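Reviewing the structure listed below.
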Amino acid sequence: MDSVKYLLNENQLPTAWYNIQADLPQPLPAVLHPGTQQPVTFEDMRPLFADALLEQEFSTERWIPIPDPVRDIYRQWRPTPLYRARRLEKALDTPAKIYYKYEGLSPAGSHKPNTAFPQAYYNAQQGVKRLTTETGAGQWGSSLAIAGVMFNLEILVYMVKVSYQQKPYRRALMEAYNARVVASPSTETAAGRQILAQSPDSSGSLGIAISEAVEVAAQAEDTKYTLGSVLNHVLLHQTVIGLEAIAQFDLAQDYPDIIVGCTGGGSNFAGIAFPFMQHTFSGDKTIEFIAVEPVSCPTLTQGKYAYDFGDTAQMTPLIKMHTLGHSFVPPGIHAGGLRYHGMGPLVSHLVNLDYVKPLAYDQLDCFAAGLTFAKAEGILPAPEANHAVQGAIAQALRCKAEGVSKTILFNLCGHGHFDMQAYIDYQAGKLQTSEYSPEEVAMALAGLPSVNH
Ligand SMILES: Cc1ncc(COP(=O)(O)O)c(C=O)c1O
């Protein structure tokens, strides 16, 4: 009974994604049209997204079948292993049991291909020729680049400038799959030019890169926009993670008391948490869900739950979410995927209803946790994933202090093999405690749109 990994066969790959919208204790607040402040419709969104993805965005069906061509590709790396972190438990000398679901085995090295492939598939089915997107750390951009080349779509990626500079190998990876990668803010779009006019040295942000990618997609008939997080359909696709984990916990004859994930826009957290949360809605189980974010971009812990734009140039609809303000540019930490001013509305809604507890950690503590994990388990996590590792270790140490044995599950959402500069800087003592500026957040929050809802 001392297994370290719990594996499923290819034929145990889930056949449907779990849509939490079917089971929410209260419905999700509507996304609003910024002009009319009325709920956006399918038609409003059609210029930007493939029809099948929009249907999923609005759907309240509990189970949404995974198309066979997508399952065929998922088979390349899924089901992913569930590990029991026995060596980490020993290193921490904790009575807690720690499990992690490892998403770093995908072609891009993270959870992002779970949604890149279905998004590319549905767009290709509809005859779309080109997809635009933004990327922070480059994990999402490289996932979409791989999916694009496999479904014969052109891919144009606006990569946040600080990451473009920090992570040249991610850019090279995207280019290896024929994607075109542009540092954002760029001079190629009106949104980019406007930002550069105000801040010529802008390090960029996900909010700015989204504006550029949306602008290009809105102007070209054969082009659609894709997002690697935040939206309901993206979180939906990630539920394969948690669905597999449920079957793997059956194999382990165990069940989590605590589930931890890092949150940038909320997709990997939702992926591991939502299928289990279904059990808590029905009252069958009690689980503590913990969403971990960086103190430098503390959307859930310091942001306001309000309607805001998803992007800096105010091109998206208004989303009810935790936000630091769409004009806020977070400090250039290495966990680029966590530098987003907003949050997936489903995750925000569940935080607001007290189903999810958010916690913020400093990047130095997260890198230290990542190295403790790497030394015990052998896998070097992505800087974003280090936040989940830190969250899990903190819970394991809490168990130790309280002398209780709880079962902790966390999502190891990606490996850090393309993030070695971050580790070089950390080991050389060059990384700082990275605080956000409360004054800048206050200014950004003052610019929230006024909404009568
Ligand atoms: C490895 C990794 N983890 C986490 C994230 C954050 O996104 P999300 O909160 O949608 O999982 C990213 C985003 O780029 C990422 O690359």
Quiz item: How many residues does the range 137-146 contain that are of a type in the set (A, V, I, L, M), in a helix (DSSP H, G or I) and in contact (Cβ under 8 Å) with a residue 60 or more places away in the chain?
Solution: 1
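Conditions tested, residue by residue: (1) surrounded by fewer than 20 Cβ atoms within 10 Å (Cβ to Cβ); (2) under 21 Å from Ala124 (Cβ atoms).
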| position | (1), (2) |
| --- | --- |
| Asn11 | yes, no |
| Trp17 | no, yes |
| Pro25 | yes, no |
| Gly35 | yes, no |
| Gln38 | yes, no |
| Asp51 | yes, yes |
| Glu55 | yes, yes |
| Arg75 | yes, yes |
Quiz item: Can you tell which of Tyr100, Tyr121 is under 26 Å from Gln253 (Cα atoms) and of a type in the set (Ser, Thr, Tyr)?
Solution: Tyr100
Quiz item: Any idea which of Ile66, Ile73, Ile98 is in contact with a helix residue (DSSP H, G or I) (Cβ under 9 Å, 6 or more places away or on another chain) and within 15 Å of Ala245 (Cβ to Cβ)?
Solution: Ile98
Quiz item: Just one of His322, His279, His237 is free of Cβ contacts under 8 Å to residues at least 40 places away in the same chain and within 30 Å of Lys5 (Cβ to Cβ); which is it?
Solution: His279
Quiz item: Looking at the range 381-413, which of its residues are under 24 Å from Gly429 (Cα atoms) and within 12 Å of the ligand (Cβ to nearest atom)?
Solution: Pro381, Ala382, Pro383, Glu384, Ala385, Asn386, His387, Ala388, Val389
Exercise. Could you tell me whether any residue of the range 19-37 is closer than 30 Å to Ala85 by Cβ, modelled with pLDDT of 95 or more and outside any loop (DSSP other than H, G, I, E, B)?
Key: yes
Practice problem: For the range 248-281, enumerate the residues that are in a loop (DSSP other than H, G, I, E, B) and out of contact with any Asp or Glu (no Cβ under 8 Å at 6 or more places or on another chain). | Solution: Gln253, Asp254, Tyr255, Pro256, Gly265, Gly266
Exercise. Return yes when Ser59 is buried (at least 21 other Cβ atoms within 10 Å of the Cβ) and in contact (Cβ under 8 Å) with a residue 24 or more places away in the chain and no when it is not.
Key: no
Practice problem: Select from the range 97-116 the residues that are away from the ligand (no atom under 16 Å from the Cβ) and either assigned to a helix (DSSP H, G or I) or among the basic types (Lys, Arg) (or both) and list them in ascending order. | Solution: Lys97
Quiz item: Would you say Glu134 is charged (D, E, K, R), away from the ligand (no atom under 16 Å from the Cβ) and either at pLDDT 95 or above or part of a helix (DSSP H, G or I) (or both)?
Solution: no
Self-check item: Residue ID - modelled with the highest pLDDT, chosen from residues in the range 137-170 that are within 12 Å of the ligand (Cβ to nearest atom) and of a type in the set (Lys, Arg)
Solution: Arg170
Practice problem: Test each condition in (1) under 30 Å from Phe281 (Cα atoms); (2) surrounded by fewer than 17 Cβ atoms within 10 Å (Cβ to Cβ); (3) of a type in the set (Lys, Arg) for Lys430 and report the one that comes out false. | Solution: (1)
Quiz item: Here are some conditions: (1) closer than 24 Å to Thr239 by Cβ; (2) away from the ligand (no atom under 16 Å from the Cβ). Glu377 meets all but one. Which one does it not meet?
Solution: (1)
Practice problem: Run Asp284 past the list (1) within 30 Å of Leu364 (Cβ to Cβ); (2) of a type in the set (D, E, K, R); (3) away from the ligand (no atom under 16 Å from the Cβ) and report the number of the one that doesn't hold. | Solution: (1)
Quiz item: With Lys167, Lys101 as the choices, which residue is crowded, with 21+ Cβ neighbours inside 10 Å, assigned by TED's automatic domain parsing to the domain that holds Ala247 and not aromatic (Phe, Trp, Tyr)?
Solution: Lys101
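Among the residues of the range 288-296, is there at least one that is assigned to a loop (DSSP other than H, G, I, E, B) and in contact with a Ser or Thr (Cβ under 8 Å, 6 or more places away or on another chain)?
Within the range 288-296, the subset assigned to a loop (DSSP other than H, G, I, E, B) is 295-296.
With in contact with a Ser or Thr (Cβ under 8 Å, 6 or more places away or on another chain) added as a condition, the list becomes 295-296.
Yes; the residues of the range 288-296 include at least one that is assigned to a loop (DSSP other than H, G, I, E, B) and in contact with a Ser or Thr (Cβ under 8 Å, 6 or more places away or on another chain).
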Practice problem: Could you tell me which numbered condition Asp354 fails, if it satisfies all but one of (1) within 12 Å of the ligand (Cβ to nearest atom); (2) assigned to a loop (DSSP other than H, G, I, E, B)? | Solution: (1)
Self-check item: Every residue from the range 367-400 that is in a helix (DSSP H, G or I), small (Gly, Ala, Ser) and over 12 Å from Leu88 (Cα atoms)
Solution: Ala368, Ala385, Ala388, Gly391, Ala394
Exercise. Out of the residues in the range 242-273 that are over 17 Å from Ile290 (Cβ atoms) and polar (S, T, N, Q), state the one that is nearest to the ligand (Cβ to nearest atom).
Key: Gln248
Quiz item: If you take the residues of the range 202-241 that are assigned to a helix (DSSP H, G or I) and within 12 Å of the ligand (Cβ to nearest atom), which of them is surrounded by the most Cβ atoms within 10 Å (Cβ to Cβ)?
Solution: Leu206
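The values are calculated or read from the model by the stated rules, or taken from the named source; none is laboratory data. Predicted, not measured: the structure shown is a model, and the values here were computed from it. Heads up, the Cβs are rebuilt from the backbone with ideal geometry, glycines too, and the neighbour counts pull from every protein chain shown.
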